[in-house]
Amino acid sequence: MTTFVDRVELHVAAGNGGHGCASVHREKFKPLGGPDGGNGGRGGDVTLVVDQDITTLLDYHHSPHRKATNGQPGAGDHRSGKDGQDLVLPVPDGTVVLDRKGNVLADLVGQGTTFVAGQGGRGGLGNAALASARRKAPGFALLGEPGEARDIVLELKTVADVALVGYPSAGKSSLISVLSAARPKIADYPFTTLVPNLGVVTAGSTVYTIADVPGLIPGASQGRGLGLEFLRHVERCSVLVHVLDTATLESDRDPVSDLDMIEEELKQYGGLEDRPRIVVLNKIDIPDGQDLADMIRPDLEARGYQVFEASAVARTGLKELSFALAGVVAEARAAKPVEVATRIVIRPKAVDDAGFTVTKEEDGLYRVRGEKPERWVRQTDFNNDEAVGYLADRLNRLGVEDELMKTGARAGDGVAIGAEDNAVVFDWEPTLAAGAEMLGRRGEDHRLEAPRPAAQRRRDREAERDESQREFDDFNPF
């Protein structure tokens, strides 16, 4: 059974926010207790965290669907719902997070590095939080927002200082087994190594990691063999070590042509041109291997390569190779720029930034996009007329109606709030009209008048008294 997986597709879903509660306080001898509905709890987040003890993505290969818990709804007597529990997913060091289109969302390197893959939904407000001087006893509450759900791709790129590359059965696994405490599988047939192996090497005061990448063959950068699957594991390495087999039994191969082929595949893959190279002529314990190494070494050195002769079986040339790699790694670390803590820059929105846009589409539909309008729509219970009216008031105060008028919308036109796949569509009826016909006496606006039964009854009585007084004056000429 496969125990190493370095690429998985993960489906994450954050928790939904709990709904707010619409409740009125009821107690004996206490009429008009007022609203006491509590707020809903926040949904849990889905967070990826780097854990040094995790070396594979196998768990997510078997269980690719992960969901955080939902927030609890609010209750009466001002009781807020419980927040959902966050879901923490440990990933190996060097995990890259991508979306379905291949865009990099995060590069998780270093113990404890985190990335929020799914944001939990907000809890809805209860009617106690919605009460105001104008709306003393709301008969509705806001719904909880749904949690963020999306598909992401996790790719593991081995975090190592040195990468051993070469043909299958060139002796890479044997070298890493004698240079470090790693114990990879070793056999005399191609593609013995099916997964990258990591080892820790100590050379003097320098400690570095070395990776044995599965064998490359011609066409590896296009997917042949295991190359494309594991070439990503050399991207983070500071130095590339070409392990050349000087005792190959294949008549159509020789160390120099093997080196040229591997370099061509690395070039096709891209992004590795600036890495220093070291060549190791392996298996010199075999007489023919030593003779071939002596023959090709001048040619390789003439190309500018630093060449070492080694034998994992006889354990010769390993000390010189180990210290040479330590020197290159130390230089690479010294040349690496010092990491500076990221400055937190706060960029407040402009005062006149409404935070939404109104566009007219080809079919005549007016689409409203913005964080606030879309969130308010998600939180509205459209089965409650009072909640719908509250939404209309909020949109009006935000300036959505004014912007619709400026864009050319008229009464009866279709308006959609949200994205195409999840929008609320309605026929627009302006709540406020603007025109001279709407104006009354100076300082008056009948659009803002509210029915007042007591005042109307008083005006009716005054009108009756005036009518009686006129009748009396007509009857009494004196």
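The values are calculated or read from the model by the stated rules, or taken from the named source; none is laboratory data. As the structure is a computational prediction, the values presented were derived from the model and not from experiment. Note: ideal-geometry Cβ built from the backbone for every residue, glycine included; neighbour counts use all protein chains shown. With ligands, DNA and RNA removed, areas are computed over all heavy atoms of the protein, side chains included. Shrake-Rupley method; radii C 1.70, N 1.55, O 1.52, S 1.80 Å.
Quick notes on this structure:
- Amide H contacts under 5 Å for T95, placed H, 5+ residues apart: L108, K157
- The residues neighbouring G41, those whose beta-carbon lies less than 15 Å from its own, together hold a net charge of 0 under the Lys/Arg +1, Asp/Glu -1 convention.
- Relative compactness, segment 247-337, computed as alpha-carbon Rg over 2.2 N^0.38 Å: 1.20
- Euclidean distance between Cα centres, segment 308-339 to segment 62-122, Å: 40 Å
- For R79, the residues 5 or more places off, or on other chains, whose built amide H falls under 5 Å of its own are G38.
- Subset of K360/K406; K30/K136; K172/K267; K28/K82; K283/K319 violating a 18 Å alpha-carbon distance limit: K172/K267; K28/K82
- Area accessible to solvent at T407, 1.4 Å probe radius, in Å²: 50 Å²
- Inter-part distance where segment 146-173 and segment 42-58 are each reduced to a Cα centre, Å: 17 Å
- Phi angles of segment 126-133 translate, via the Karplus equation with coefficients 6.51, -1.76, 1.60 and θ = phi - 60°, into HN-Hα couplings of x, 5, 5, 6, 8, 5, 8, 5 Hz per residue; Gly and Pro are given as x.
- Heavy-atom accessible area with a 1.4 Å probe sorts E386, E331, largest first, into E331, E386.
- With contacts taken as Cα pairs under 8 Å at a separation of at least 6 residues, segment 359-407 carries a relative contact order of 29 percent.
- Amide H contacts under 5 Å for G118, placed H, 5+ residues apart: V46
- Local charge for L142 was computed over the other residues whose Cβ lies under 11 Å away, with Lys and Arg +1 and Asp and Glu -1, and equals +2.
- Within the shell defined by Cβ-Cβ distances under 12 Å, the residues around I284 carry a net charge of -3, with Lys and Arg each +1 and Asp and Glu each -1.
- Sequence-ordered 3J(HN,Hα) estimates for segment 73-87 from the Karplus curve with 6.51, -1.76 and 1.60 and θ = phi - 60° stand at x, x, 9, x, 6, 6, 8, 7, x, 6, 5, x, 7, 5, 9 Hz, glycine and proline given as x.
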